[in-house]
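A quick write-up on the structure given underneath.
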Amino acid sequence: MPSSPRGTSGEGPPVSLRPYEVLAAQRLLPVLRSADAEEAVRTTRTLLAAGCRAVELTTSVPGWAGAVARTTALADAPGRPALIGVGTVTTAADAEAALDAGAGFLVSPYPAPEVREVAARRGAAFIEGGCTPGEIAAAVRHSGAAKVFPAHVGGPRFIRSLRAVLPGALLIPTGGITPDEVRTWLAAG
């Protein structure tokens, strides 16, 4: 899988943190849609203390940019660095704000060419979303990874089918997955 070149020019996470590799190794990405920035920071602190190396905060969190800046400082722990990503990034302005706040990766729920452009220009990891096989394949062609959204529509069988035609791709199913279904999703790859 591709790794992000970020960290080589003083922007973003240290070179040793390669977002796609961290996400693939973790296998489960907590996505926080908190009621406010304070709750997002508290929850992120708890997740990092529990050993998570990647957490995604969304732009739907009021005060999200400040929360990202505060949590990236928490994630820069000696000996156990982590990545804070920003999800539901759909505009160039939000992409710039997320990266300025220290985001280690960006995520969109659907194809977002203007976000892709900012990510490419800034050397940032970008996980573009898609629902159809064509959208997902296009996202994988751009970065080696894709968010499959809304995942519950296709289910684990859809993920297995996608993996057959996109071998080696990092697929991140998101949306509508309940805790009791996690093992089935993980088994699907």
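The values are calculated or read from the model by the stated rules, or taken from the named source; none is laboratory data. All values derive from a computational prediction rather than experimental measurement. Cβ atoms come from the backbone with ideal geometry, glycine included; neighbour counts cover every protein chain shown. To get the accessible areas, we keep the full protein, side chains included, count just its heavy atoms, and leave off ligands, DNA and RNA. Shrake-Rupley method; radii C 1.70, N 1.55, O 1.52, S 1.80 Å.
Please work out, to two decimal places, the log10 of the ratio I(q)/I(0) at q = 0.13, 0.20 Å⁻¹ from a Debye calculation in which every Cα of region 45-115 carries one identical scatterer. Here the Debye-derived log intensity ratios amount to -0.34, -0.74. Peptides 54-65, 33-44 ordered by packing proxy, namely the average of other Cβ atoms within 10 Å per residue, highest first: 54-65, 33-44.
For region 128-188, dividing the convex hull volume of the Cα atoms by the residue count gives 66 Å³ per residue. In the chain, helical runs assigned H by DSSP with n ≥ 4 each contribute -39500 (n - 2.57); averaged across all residues and rounded to the nearest 500, the mean residue ellipticity at 222 nm is -13500 deg cm²/dmol. Using the Cα centre of region 128-188 as origin and beta-carbon charges of +1 (Lys, Arg) and -1 (Asp, Glu), tell me which of GLY129, GLY168, TRP185 is placed farthest towards the positive end of the dipole. My answer, from the dipole projection, is GLY168.
Residues whose amide H falls under 5 Å from that of GLY175, counting only those 5 or more places apart or on a different chain, are ALA151, with hydrogens built in the peptide plane.
Rg/Rh for the chain (Cα atoms only, Rh after Kirkwood) is 0.94.
Per residue, how much accessible area does the chain have with a 1.4 Å probe, in Å²? With the other protein chains kept in place, the chain gives 46 Å² per residue.
Globularity index of region 76-184 is 1.10 (Cα radius of gyration / 2.2 N^0.38 Å, N = number of residues). Across the options GLY51, ALA120, PRO30, the greatest Cα extent toward the positive end of the charge dipole of region 18-123 (unit charges at beta carbon of Lys, Arg, Asp, Glu) belongs to GLY51.
Quick one: dipole size for region 48-133, taken about the Cα centre, charges +1 on Lys/Arg Cβ and -1 on Asp/Glu Cβ, in debye to the nearest 20. So the magnitude is around 280 debye. When VAL31, VAL148 are compared by accessible area at a 1.4 angstrom probe, the order from most to least is VAL31, VAL148.
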